[in-house]
Amino acid sequence: MKFDTIIMGGGLSGLTCGIALAKKGRRVAIVAGGQNTLHFYSGSMELLGSVDDQDVTHPIEAIAALNENHPYSKIGAQHIASLAQQAQALLADAGIKTTGDASCNHYRITPMGVTKPAWLTLDGLATTSHPDALPWKKVCLVNLEGFIDYPIDFVAHGLRNLGAQVETPTVSLECLKQARRSATEMRATNLAKVFTNTSNVARLADAINTACNDTEAVLIPAVLGYDNDDACNLLKAQVKAPLYFLATLPPAVTGVRINAALKHYFQMLGGRFLMGDSVENVVIDGDKVTHINTTKLQAMSLQAEQYVLATGSFMSRGLVADFERIYEPLMNLDTDAPQDREQWSKYGMMGDQPYMSCGVVTDKDFHPLKDGSPLANVYAIGQVLGGHNPITMGDGTGVSMLTALAVANAINS
Amino acid sequence: MNNNNKHYDVIVIGGGITGAGVARDCAMRGLSVLLLERFDFTNGATGRNHGLMHSGARYAVTDKESATECIKENMILRKIARHCVEETDGLFITLPEDDLAYQRTFVDACLAAGIRADIIDPAEALAIEPAVNPDLIGAVRIPDASIDPFRLTVANVIDARLHGADALNYHEVTEFIINQNRVKGVKARDQHTGQIKEFRASVTINAAGIWGMLIAQKAGITINMFPAKGALLIFGHRVNKMVINRCRKPANADILVPDDTVCVIGTTSDRVPIETVDDMRVTDQEVQLLLSEGEKLAPSLATTRILRAYAGVRPLVAADNDPSGRNISRGIVCLDHEERDGMAGFITITGGKMMTYRLMAQIATNLACKKLGNNATCDTDTTPLPGSEQIATQRDGAKRSFAFNAAEGRHGTYTSKIKLDTDADRALVCECEGVSVGEIKYAVENQHVHNLLSLRRRTRVGMGTCQGKLCACRAAALLGRFDNNIPKAQADLAQFLDERWKGIKPVAWGSTLREAQLTATIYQGLCGLDKAIERKEGSK
């Protein structure tokens, strides 16, 4: 099978790249292993949240000061603003409405009840424009009986700490009885399936209206909107007070929804999404990949003009650490990982763990290096790239989307 | 200064298995007892070993006395601590590189010590234990078993309490109250409030394991101990169903024990300085040794995810006339400091093994009773521990939820005391180990739980495959609600994850590293836990 571009990896960066290419009429295939890290999503994209342990207010300005190994520096600081706009527009085209501005961060509210800088937040989620203040003085923080993947006391404590008066009613719904009975079913995504039924949404709205009086805002965990945001909008329309959602512990309904929307849009644009398949073999001749083989298609090789590596970090198996070394498993690309295993990590879990910044090494155009030389028709994007720690810097989703777009734009031109 | 006005017969220092056993024995003999532990129960060597219930076979050739003690205690624990023991049996295998002639010596020594030892065909060994190295050339079946030291210790503490004892964890002995060469009691710091409290007793028993050396120093007494570090690795699932040992002279990393949902390989043995025993880290060399030797017992370990590495410190005691430490005894050492050092009212019980804790407790209690003029007999060898009474649990199908079944393995007959009446109580906090909201409430109310660490030891929350990925947060939220203290619960959560990381770091490659990245992504990235614990608490 022949394509213009084959993307290895169906997470945020692979889908973003695939959409940007397919929009320009290119024939694109995405080989996607399965679940991706959008399942641990916060509801917000982040461009750059923190530098040297300090919150970043103006990401575009701060990006200009990053070191040369950071993927943003390869893109070029002067291109960040327009790529950020392109990213927001791409999400909107896929039906994902977001609010935010790359020149100035806003703040999301985490399940621990703290605020963290964000670039784009999914419409409907609670945000605040200031890290130490809330837009409300009096809120009603609602939980669903039996739902323990939302540490409501932590959130309430955080909101009170920011000066809000917080009520924390729990609503009990008959339609969740079945889920409550099976101990493993009270998970956010399972609840979202229950609320694809509009009469269940109406029952939830009734319960919220009964429980919440005289409040400036109702906040509830983001357990609605599995395939689309219909259920979210329906609930908002039926709840009397302004209603906002808050991110839960994984699995994240918001992330599942974004994933579904991007995948759907990609396919609508004519893209081929090879779900549940994985790349088994990448054949390299000289400085080019000639074809790949996948587990499901076996003998039938896939060929393309360009190949994009969007396989993610360790947790997505884009990088592998074994007893001896850290390596990139598909092409054995050069990585920036320390040789000595003891240097991969350090004591103190919350510190800047070196392995988090490991990735494949690329030239300034994101061609990955193999044995010191770039592969001419291969690009690497997203979390498989090294040079930054997405956890401490708060730039993971931004790097995924912006490197994907930078590469797509390069291929398109 | 907060003085507890009660005058006890006995204060026991150390909440490991020995101290808990001593407290139980003393209380059962009618003595009034206070048990003090500076951190959580089982924090020392008790919580950092194989979880192996030795048959004694390991010592049969080299130390017949220990072997005989072990098999006797082994048979007793099967009866009195049923809910802590899994009767797995064990194999001593001979590999091509080992001397098969040693097998005969081994079996003869076992039989002489009273340990059943059946030579079986290697093919039969492979049939009953498919995980064993298929290259084996010999196998002996012996009555090893798996035991949960956390459960065993807490059962002893609970029974001591049921017999009137007081037990305080998170109370660290800071000094002795001494009057005219007699220990009259201790001062202890409440670790949560910082308050120093005085406790008085006629006899004080030092059962603090390796830390007993430091405790004795506070009374001006020298005990010559040699801390011996033993490192172990836990694997992500249970590859073997029987204990697997090497049939050779005891050496490093030659025991693989199935424990609950996981299995453990160990151990190493290295002398370490006493100053380091509070912060044992497993080195890369130890990890390599454990892995290479472990794979010889069960080859599938090479491809099994390692959950974490940890190390305990054995309290080896040198004979009094040998300060060099060459003449180390692995046997039980009971020191009457009145006789030995002229310090009345003070006893140290140390050496020995987890396996012989009950016997150690009996010896120490006998001495305390002698001093107190108490003639009661020791019944700990026949009286079942709480949870192990021979009462069949009601098999009411409708009431036996998943949460109940999972909890029963941990709490035995006491499971019926756990409230699991509502869906909310039966909701699972920890899916790997099947720990429900109701079980956590029970542990908090009845088992001296002060934080996630102690909750983990009581219930196995966060001990399974995921190492606390989501359950830690769920459990922290519950504890925060019970305590009505959110900042403490969040700090506890961060501390718990960091403690898990300490064990993960030495083995952070492969899927272990993948899981660690996922955990960090959730707690640092998504949740911002690091920000929460740094947050300045504002006015409410």
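Pairs, please: C-beta under 6 Å, at least 6 apart or cross-chain, first residue within 30 Å of B:I158 (Cβ to Cβ) and in segment B:81-104, second at pLDDT 95 or above and surrounded by fewer than 18 Cβ atoms within 10 Å (Cβ to Cβ)?
Note: pairs meeting the criteria are B:V85/B:R78.
Could you tell me which numbered condition A:D53 fails, if it satisfies all but one of (1) crowded, with 19+ Cβ neighbours inside 10 Å; (2) under 21 Å from A:G386 (Cα atoms); (3) within 14 Å of another protein chain (Cβ to nearest Cβ)?
Unmet condition: (1).
Do we find a residue being charged (D, E, K, R), in contact (Cβ under 8 Å) with a residue 60 or more places away in the chain and touching a Phe, Trp or Tyr at 6+ places or on another chain (Cβ under 9 Å) anywhere in segment B:55-68?
Checked against the condition, which is being charged (D, E, K, R), in contact (Cβ under 8 Å) with a residue 60 or more places away in the chain and touching a Phe, Trp or Tyr at 6+ places or on another chain (Cβ under 9 Å), segment B:55-68 yields at least one hit.
This table checks each residue for (1) part of a helix (DSSP H, G or I); (2) within 14 Å of chain A (Cβ to nearest Cβ); (3) over 14 Å from B:V429 (Cα atoms).
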| residue | (1), (2), (3) |
| --- | --- |
| B:I440 | yes, yes, no |
| B:A443 | yes, no, no |
| B:H450 | no, no, yes |
| B:L453 | yes, no, yes |
| B:R456 | yes, no, no |
| B:M463 | no, no, no |
| B:A476 | yes, yes, no |
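When both residues are 6+ apart or on different chains and their Cβ atoms are under 9 Å apart, which pairs have a first residue that lies in segment B:518-529 and is farther than 16 Å from A:T397 by Cα, and a second that is assigned to a helix (DSSP H, G or I) and charged (D, E, K, R)?
Qualifying pairs under 9 Å: B:T519/B:R500; B:Y523/B:D530.
Residues in segment A:356-364: is at least one in contact with a Ser or Thr (Cβ under 7 Å, 6 or more places away or on another chain), more than 14 Å from chain B (Cβ to nearest Cβ), buried (at least 22 other Cβ atoms within 10 Å of the Cβ) and closer than 25 Å to A:S103 by Cβ?
Within segment A:356-364, none of the residues are in contact with a Ser or Thr (Cβ under 7 Å, 6 or more places away or on another chain), more than 14 Å from chain B (Cβ to nearest Cβ), buried (at least 22 other Cβ atoms within 10 Å of the Cβ) and closer than 25 Å to A:S103 by Cβ.
Considering only segment A:296-326, state which residues are away from every other protein chain (no Cβ under 11 Å) and aliphatic (A, V, I, L, M).
A:L297, A:A299, A:M300, A:L302, A:A304, A:V308, A:L309, A:A310, listed by residue number.
Within segment B:409-431, does at least one residue satisfy the condition of being more than 10 Å from chain A (Cβ to nearest Cβ), acidic (D, E), surrounded by fewer than 18 Cβ atoms within 10 Å (Cβ to Cβ) and not in a helix (DSSP H, G or I)?
Yes, the conditions are met somewhere in segment B:409-431.
Which of (1) within 18 Å of the chain's Cα centre (by Cα); (2) without any contact (Cβ under 8 Å) to a residue 12 or more places away in the chain is the odd one out, the single condition B:D159 does not satisfy?
Among (1) within 18 Å of the chain's Cα centre (by Cα); (2) without any contact (Cβ under 8 Å) to a residue 12 or more places away in the chain, the lone unmet condition for B:D159 is (2).
Tell me, which residue of segment A:1-33 that is part of a loop (DSSP other than H, G, I, E, B) and within 14 Å of chain B (Cβ to nearest Cβ) is farthest from A:A77 (Cα to Cα)?
A:G33
Looking at the structure I just gave you, is B:R48 under 24 Å from the mean Cα position of the chain (by Cα) and of a type outside the set (A, V, I, L, M)?
Considered against the rule, which asks whether it is under 24 Å from the mean Cα position of the chain (by Cα) and of a type outside the set (A, V, I, L, M), B:R48 comes out as yes.
Return yes when B:V444 is at negative phi and surrounded by 24 or more Cβ atoms within 10 Å (Cβ to Cβ) and no when it is not.
Here the answer is no, as B:V444 does not meet what is asked.
Restricting attention to segment B:478-493, report how many residues are more than 7 Å from chain A (Cβ to nearest Cβ) and either buried (at least 16 other Cβ atoms within 10 Å of the Cβ) or charged (D, E, K, R) (or both).
Total meeting the criteria: 8.
Are there strands (runs of 3 or more DSSP E) fully within segment B:1-113 with at least 1 residues that are not assigned by TED's automatic domain parsing to the domain that holds B:N252? List them.
Because the criterion is at least 1 residues that are not assigned by TED's automatic domain parsing to the domain that holds B:N252, the strands (runs of 3 or more DSSP E) in segment B:1-113 that meet it are B:2-13, B:33-36.
So B:D144 passes all but one of these: (1) surrounded by 23 or more Cβ atoms within 10 Å (Cβ to Cβ); (2) in contact with a Phe, Trp or Tyr (Cβ under 7 Å, 6 or more places away or on another chain). Which condition number does it fail?
So B:D144 meets the others, but not (2).
Every residue in segment A:327-355 that is facing another protein chain (nearest Cβ under 8 Å) and in contact with a Phe, Trp or Tyr (Cβ under 9 Å, 6 or more places away or on another chain), please.
A:R341, A:W344, A:S345, A:Y347, A:G348, A:M349, A:M350, A:Q353, A:Y355
What are the pairs with Cβ atoms under 6 angstrom where one residue, in segment B:408-419, is in contact (Cβ under 8 Å) with a residue 40 or more places away in the chain and the other, located anywhere, is of a type in the set (D, E)? Sequence gap at least six, or different chains.
B:T413/B:E389
From B:L307, B:L335, which residue is at pLDDT 95 or above and assigned to a strand (DSSP E or B)?
Going through B:L307, B:L335 in turn, the sole match is B:L335.
Do we have any residue at all in segment B:516-537 that's part of a helix (DSSP H, G or I) and within 26 Å of the chain's Cα centre (by Cα)?
yes
The values are calculated or read from the model by the stated rules, or taken from the named source; none is laboratory data. The structure displayed is predicted, hence computed values, not measured ones. Because the Cβ atoms are built from the backbone with ideal geometry, glycine has one as well, and the counts that use them run over all protein chains shown.
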